[in-house]
Amino acid sequence: MALYLLYETSSGYSLFQASGIDEIGQNTEAVRNSVSDLNRFGKVVQLTAFHPFDSALDALNQINSVSEGIMTDELRNFLELNLPKVKEGKKAKFSLGVAEPKIGSHIFEVTKIPCQSNDFVHELLRGVRLHFERFIKDLKPGDLEKAQLGLGHSYSRAKVKFNVNRVDNMVIQAIFLLDTLDKDVNSFAMRVREWYSWHFPELAKIVNDNYLYAKLAKFIDDKSKLSEDKLPELTDLLGDEDKAKEVVEAAKASMGQDLSPIDLINVQQFAQRVMDLSEYRKKLHEYLITKMNDIAPNLASLIGEMVGARLISHAGSLTNLAKCPSSTLQILGAEKALFRALKTRGNTPKYGLIFHSSFIGRASARNKGRMARYLANKCSIASRIDCFSENGTTVFGEKLREQVEERLDFYDKGVAPRKNIDVMKAAIESTENKDTDMETEEATTVPSAKKSKKKKSKSDAAENSELMAEDKPTVNGGASEDAKSEKKKKKEKRKLEQEQAVENSNGTNGVEAEEDSISTKKKKKKSKDQDGEDLQDASDMKKKRKKKSKGEE
């Protein structure tokens, strides 16, 4: 039986025929020995067909489908063209060796070509991979390596498929660093207190805050130099005038020992380091809040940024947290207590990291377990929405928070909460309304921009026409002046018509009434003038008749 080998490379599909298998046999050790020698291997394996990929994108699509065990149309056409045809109802007199058994099964289902994938085939394909450049003549040295490198980068990039703004690894690192900073800042602040208390022990009783104590230790330096002149600066630091006066009085009657200038300098430097660390801790906390709002906005709005970040870091990633059922999420962080309870057959824990949420603290001791179970259920919903939704919104988290609040009221006052279906429907409607509002805003901004462009183009055209008219040379002076005067008159008429139209459209009732009164007055004057003219004509006719009668007599 003839054996064909399908080898997928970064440059295209290749088909090899292995002949003389009976002589070599199916012994893999003999094949391993013959693979390294091209003269021996070239007699056994020969290239029958090669189909290059059209582009890098085509290569990526083909390799993606091969890795998923799917045969593409190109691969099917390539195999049907170059392999012997199998008659219906008869067994094939050849077999196709493939590296992956998944794609082999798919090829057999579609084309009925028998495929095999075993150690012998793998060894033959290893030899093909080793000597592939020599089988294809047109390949230049280095071309195959470049194609492999480019396809490897694009394949891995396509497989990862992550958004840079939604990398949950940053949240995990930030929350770990925040916890270590809290421990370090506390231990360093205690060291500053112990060190400076040798010089000014009364200050530790007056000021309880570590950050403020480090500030004061740096500011006061030598207690003997502290006087009432520094009271305004002390009040600015402490925020309380009485405390500032108490510090000054305590410095006057202090029981501490004097320190050398070098020791004081070291204390000041250490206090400055503690201040810098605490300020960096504040900045890191703000950074964590912004990252949580980007990565898991619904979880952050439901349970808070810190607790949500701790849940993500403990689970390993947001996707792992989304895969966890609510019962696992409820006791996440209490694994020791859980296994101890299972070992001793005691009561299992009711909550883990979720206990730091304010909802469980507000619930009564009787309802803490119920509240933890309900909150874990809502947290699992929020984490799944954040993980698998493309558009990040806080609407679902806010609605879930309202549900938790209603559940608290139900446990305390007996007020019936809303159903989950109704709340989710309201959340979906609100998100759809937001999307429509965004679309309408975009639609309104686009035509306004178009109108402004049209106006600009019209004004520019008018200016250009004026400039062209001015720049034209005058052949006949009188004709050009007449043309200019006519253009000016036309422009003035247009301006007047536009002004009249604007006045008519924006005209008030009072203005219209005045215009009506003016028009009626004009009509009255005209009628009076016409009446006077008629009377004069009648008197003239009478005079003429009298003259005629006198002449006849």
Would a scan of segment 85-106 turn up a residue that is touching a residue at least 24 places away in the same chain (Cβ under 8 Å), among the aliphatic types (A, V, I, L, M), farther than 21 Å from HIS51 by Cα and surrounded by 13 or more Cβ atoms within 10 Å (Cβ to Cβ)?
yes
Being assigned to a loop (DSSP other than H, G, I, E, B), open to solvent by less than 70 Å² (accessible area, probe 1.4 Å) and in contact with an Asp or Glu (Cβ under 7 Å, 6 or more places away or on another chain), is that true of even one residue in segment 57-71?
yes
Residue count for segment 326-350, restricted to those that are in contact (Cβ under 8 Å) with a residue 24 or more places away in the chain and assigned to a loop (DSSP other than H, G, I, E, B)
0
Within segment 241-284, considering residues that are touching a helix residue (DSSP H, G or I) at 6+ places or on another chain (Cβ under 9 Å) and not in a helix (DSSP H, G or I), the one surrounded by the most Cβ atoms within 10 Å (Cβ to Cβ):
LEU259
Yes or no: segment 20-35 includes at least one residue that is open to solvent by 60 Å² or more (accessible area, probe 1.4 Å) and at pLDDT 85 or above.
no
Residues PHE355, PHE359, PHE396: which one is surrounded by fewer than 21 Cβ atoms within 10 Å (Cβ to Cβ), among the hydrophobic types (A, V, I, L, M, F, W, C) and in a helix (DSSP H, G or I)?
PHE355
Answer yes or no as to whether LEU238 is of a type outside the set (Val, Ile, Thr), touching a residue at least 40 places away in the same chain (Cβ under 8 Å) and open to solvent by less than 60 Å² (accessible area, probe 1.4 Å).
no
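The values are calculated or read from the model by the stated rules, or taken from the named source; none is laboratory data. This structure is a prediction, so every number in the text was calculated from the model and none was measured. Note that we place each Cβ from the backbone using ideal geometry, even for glycine, and neighbour counts take in every protein chain shown. Surface areas here come from the heavy atoms of the whole protein model, side chains and all, with no ligands, DNA or RNA. Shrake-Rupley method; radii C 1.70, N 1.55, O 1.52, S 1.80 Å.
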